[in-house]
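Worksheet for the structure shown next.
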Amino acid sequence: MVDILRGKRLNPMDDKALKITSSVDADRRIMKKIVYVNAAHVKALKRAGLIEPGIASELLSALDKELDGYNLDYRYEDAHMSLEEDLKSKVGEMAGFIGLGKSRNDQVATSIRLEAREELLSLTKSVAGLLASMLEVSKSQGALFIGMTHLQPAQPITVSHWILNYAESILRTVERLKLAYRTTNISPMGAAALAGSTVPLDRLYTSHALAFDAPVENTIDAVSSRDFAIDTIYAISMLASDLSRMSSDIIVYMSLGYMDLDDRFVSTSSLMPQKRNAVVAEILRAKSANLVSMLFNSIEINRTLNTSYNLDLQEITPRLWSAFDEIVPMVEEMSSMIKGIRLNEELINRTAKDSLITASDAAEYISMKYSMPFRDAHHIVGEAIRKTENNRLPLAQNISGVLAGKVNASINQQDIEDSLDPQRSIFNRVTLGGPHPDQSGKMISNINLQLDKLNAWVASEEKKIEKAYELLFSKEW
Ligand code: ARG
């Protein structure tokens, strides 16, 4: 095998050393993107008058064919050299022209960015699908539910309100994905190894030809920055965290019997036939830890590096691809799983009453009705709860009793009973963003609007990219 890199100077590299330093596995994902980058580069060379029109045209046609695939071989170190070898075997020595004014350092950074931005867009589409499912479920789940703090029944909410809390959080992660898209969508091409070159290439042209927003200006930064990958994995980790927290909730709600999932998302035990285990949720929770590890790995690899390109950077790339590979099915699973949520309303209503989740409603009622400091009202209800635990009388009756000893005004026992009714409590809540169905309705419409905008943004970015790739192989210079 002729080694186009080591030429006549170096003896062959140790085979195991070659294997461990080769990036061919992670490069599979960017094979096409490397071809696009080379096409843009050939055009830039031609535009600068650095290669003959005939050669440029022949190289472009040959590159177009490379889109069908080329032989990857670790003995060439990576896909960049594999492509050059392949091209050489097809068009001969003229393939060597593509090396003028570029290095693998700017080429790899550019190719990874091209691939990552597309995967960011397709992940964003999956997230939009998840949000749409969440809205669908929210619309039909306005019934009473148990809001928890410290994993104990706390105050009445609705399932809709619970789901929308994650939808709102995931919408912020969509902003993180869009930020990652911005830091990704800039072009290193032309930076060459680190210091640009003596070749008069138009970096703005290559950036534009590949549908980037702009070049990464500083040539050292262009080849050495991988913050875009870290931004991406961070956004993905935050998304995974939300899926994990949601999964934990589902596991607990199932364990308490408030909720059940469709059979398609539970497994049973090989020994205990009664079991309905929320195994999908458990796996989503565990997988989110893998993603956080990938984030941590990437930050650590990046942190130690000196100026410009070091081969360490190559180890960040497979983490970026794995992050995408892990998160997409997670998002899709959550999206399908929540559609099958069923509630045990009878148990929820009973628990809501038995666990006194409206005690704070009664305290708020007393404080407002009798213009009493909330702390005093809180103590009155607390004292009544203690009495109830001892005398087993209804809480409303005990509250009236304690209250009668503290205020002169007349006491309306019915109002107190009403304030304690969990169903009414949902409708009594007036806070913006609270569990009142009107508020959920507003949140649903608001998120719907944002989803429309998001889908339009993804479609327009995809179109821009598609158009640029179409033009790349046209012989219009
Ligand atoms: N395979 C490398 C990567 O994936 C690119 C090659 C850079 N190699 C070099 N010796 N400068 O980042």
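Rule-based calculations on the coordinates, nothing more; no lab input. Just so it is clear, the model here is predicted, and its values are computed rather than measured. Every residue, glycine among them, receives a Cβ derived from its backbone with ideal geometry; neighbour counts consider all protein chains shown.
How large is ³J(HN,Hα), in whole Hz, for each residue of segment 3-15 in order, when computed from phi with the Karplus curve 6.51 cos²θ - 1.76 cosθ + 1.60 and θ = phi - 60°, using x for Gly and Pro?
Each residue of segment 3-15 in turn: 9, 5, 8, 6, x, 9, 8, 9, 6, x, 7, 4, 4 Hz.
What pairs in Lys65/Lys464; Lys43/Lys90; Lys19/Lys475; Lys287/Lys442; Lys43/Lys125 have C-alpha atoms more than 29 Å from each other?
Lys19/Lys475; Lys287/Lys442; Lys43/Lys125
With N set to the residue count of the chain, report its C-alpha Rg divided by 2.2 N^0.38 Å to two decimal places.
Relative to the rule-of-thumb radius for its length, the chain sits at 1.34.
Taking H as built 1.01 Å from N, whose amide H comes closer than 5 Å to the amide H of Gly147, not counting residues under 5 places away?
Result for Gly147 returns Ala154, Gln155, Ile157.
What is the distance in Å between the Cα centres of segment 80-140 and segment 343-383?
If you average the Cα positions of each part, the centres end up 56 Å apart.
I want to check the label-to-label distance for Ser336 and Glu93. Put each point 7 Å from Cα in the C-beta direction and report it in nm to one decimal.
5.8 nm
Considering segment 359-420, what Rg and Dmax in Å follow from its alpha-carbon atoms?
Computed over the Cα atoms of segment 359-420, radius of gyration and Dmax are 10.2, 29 Å.
Output needed for segment 197-253: three equivalent-ellipsoid semi-axes, defined as square roots of 5 times the C-alpha gyration tensor eigenvalues, in descending order, whole Å.
The equivalent ellipsoid of segment 197-253 has semi-axes of 42, 12, 5 Å.
Enumerate the residues in segment 176-217 having an amide nitrogen under 20 Å from the point lying 7 Å beyond the Cα of Asp312 toward its Cβ.
Of the residues in segment 176-217, 193-195 have backbone N under 20 Å from the label point off Asp312.
Considering only C-alpha atoms, what is the centroid distance from segment 403-453 to segment 44-75, in Å?
67 Å
Counting other Cβ atoms within 10 Å, keep those with at most 10, restrict to DSSP loop, and tell me which GluC sites (Glu not before Pro) in segment 448-477 are left.
Counting only loop positions with at most 10 other Cβ atoms within 10 Å, the GluC sites (Glu not before Pro) in segment 448-477 are Glu476.
Taking the Cα-to-Cβ direction at Phe296 and at Ala459 and moving 7 Å from each Cα, how far apart do the two end points lie in nm?
Here the answer is 4.2 nm between the modelled labels.
Calculate, for Arg276 and Lys442, the FRET efficiency according to 1/(1 + (r/R0)^6) with r their C-beta to C-beta distance and R0 51 Å; round to the nearest 0.05.
Approximately 0.90, to the nearest 0.05.
Can you give the FRET efficiency for Thr21 and Arg375, using 1/(1 + (r/R0)^6), R0 = 56 Å, r = Cβ-Cβ distance, to the nearest 0.05?
Using R0 = 56 Å, I get an efficiency of 0.25.
Determine one quarter of the surface area of the Cα convex hull of segment 88-200, which equals its mean projected area, and express it in nm² to one decimal.
Seen from a random direction, the Cα hull of segment 88-200 projects 12.2 nm² on average.
Please find the FRET efficiency linking Ser255 to Lys8, where r is the Cβ-Cβ separation and R0 is fixed at 56 Å, and quote it to the nearest 0.05.
Result of the calculation: an efficiency of 0.20.
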